[in-house]
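These notes concern the structure reproduced below.
Just so it is clear, none of the values below were taken in a lab; they were calculated from the coordinates. Note that the coordinates shown come from a computational prediction; the quantities given were computed from them, not determined experimentally. Cβ coordinates were reconstructed from backbone atoms using ideal geometry, including for glycine residues, and neighbour counts include every protein chain displayed.
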């Protein structure tokens, strides 16, 4: 593969120069992206409705176009799925990413235009490889194949010319032909509907390949790795794939899984690179292997706005541009894209760790939090606290979810945690104590509510058997792909479903 290596090295140098432009001049690049989007969509139904031709500034754009959520654009999406054209973006849309950012029964179908594929998702995938080449020029990744753990797609019932499925499956389906020589397993396996059958076939099909990289969601990738080790009888993954050197991950926080991956892939030459590639767009790449934050990619045909979470949900909440954001503030992410989304609240929250260049971490979801008692607990807090508790007790966690226990006349409120341990702590009460103490250290609101048990009692941590969350997703027909466990919930719907399932099984 010397020719491929040479081409990638040349393209890496060229692309790094382009990226340096938006690292230094983020607003200039973002303003160009906004103008491109408005100009391209000015004659669509949406562009005519909001008079895109007359908009010349961000303020005019924000004043003209209201903030959108999925239910606001759903009528347009329904018409697009029936084959109508020029609604949100010029032309016909043939692909729709079925979004399952949560395990809600109602699915969202996100339009994926050709421009979104070429200039956003595929460009993001290429940039991941360019960054890896830039960081580790002596890599040997192209001497083997990349294992891609994707979803599946089905024909849309509204129109046989339009399709929907997991974003990963849409990308696999639309990859250029030469990608087949660089990845595994073959498309027919990668796009299978039945997750358990696909898992089995993926394991058998890839065991004898020279896999040098893996791309996938950490939780589902872990399931595949364990099955491969069961089949082969090997003690770690390097005994199966000795040339494995890169795991490209995203979708969920990697921190709870890091210790398990290091145990299963025991090599100082194994590298981990996080990406933020959602159904709505490709947003970020970890550009520094020594920094867990990601660089916000500003030239993918996406214009970004950010609503401080302290203002989120309020009437006339102001959305800030890239030049107005500050570090350390929790923002709701708002995007306008070449997929035809306009001032769309994606549902994720981010926090900038630095500006110029603008690097960030994902802190959670706008609706995935616990604030039943004013504690304002977000996923970022939970992940940090669990990491501390695991480090101090030697525990390892597979999955977890948490929800409030509401106050009544006799008791104060509390938080209930269901945790599926890979390795149990010796003393669950001690683990709970450390978790509670860590939550106090990372969240002053939680600490205030816990003071003298004034509002919140000590959290209740319940250890559930291995496979609990897998079985719950299976029951909801949510196995595989990019389906995720809701980490925090401000109500008890998810946690009560799981507890009810456990009671029925017992």
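Observations on the structure shown:
- Counting 0.36 nm for each residue step from residue 423 to residue 407 and taking away their Cα separation leaves a gain of 2.5 nm.
- Kirkwood Rh in Å, taken over all unlike Cα pairs in the stretch 54-94: 11.8
- Judged by the mean number of other Cβ atoms found within 10 Å, the most tightly packed of the peptides 85-97, 225-237 leads the ranking 85-97, 225-237.
- The calculated Kirkwood hydrodynamic radius for the stretch 369-505 is 15.3 Å, given to one decimal from all distinct C-alpha pairs.
- Percent antiparallel among DSSP beta bridges (both partners in the stretch 369-505, rounded to 5): 60
- Based on Cα contacts under 8 Å between residues 6+ apart, the chain shows a relative contact order of 14 percent.
- Protection proxy ranking, peptides 442-449, 422-429, average beta carbon neighbours within 10 Å, highest first: 442-449, 422-429
- Relative contact order, percent, the stretch 403-506 [alpha-carbon distance under 8 Å, six or more residues apart]: 35
- Extension gain (nm, one decimal) between residue 391 and residue 232, 0.36 nm per residue minus Cα-Cα: 54.2 nm
- Inter-site label distance for residue 239 and residue 454 at 7 Å from Cα along Cβ, in nm: 5.6
- Antiparallel beta bridges, as assigned by DSSP with both residues in the chain, represent about 65 percent of the total such bridges.
- The stretch 221-263 and the stretch 373-438: distance between their alpha carbon centers, rounded to Å: 26
- Shape index of the stretch 434-506: Rg/Rh, with Rg the Cα radius of gyration and Rh the Kirkwood radius from the inverse mean 1/r over Cα pairs, equals 1.06.
- Chain lengthening between residue 258 and residue 197 when straightened (0.36 nm per residue, less Cα-Cα): 19.3 nm
- Placing dummy labels 7 Å off each Cα toward the beta-carbon, the span from residue 174 to residue 114 is 1.0 nm.
- Label-to-label distance, nm, for residues given as residue 327 and residue 25 (7 Å Cα→Cβ offset): 2.5
- The relative contact order of the stretch 116-278 comes to 22 percent, based on Cα pairs under 8 Å that sit 6 or more residues apart.
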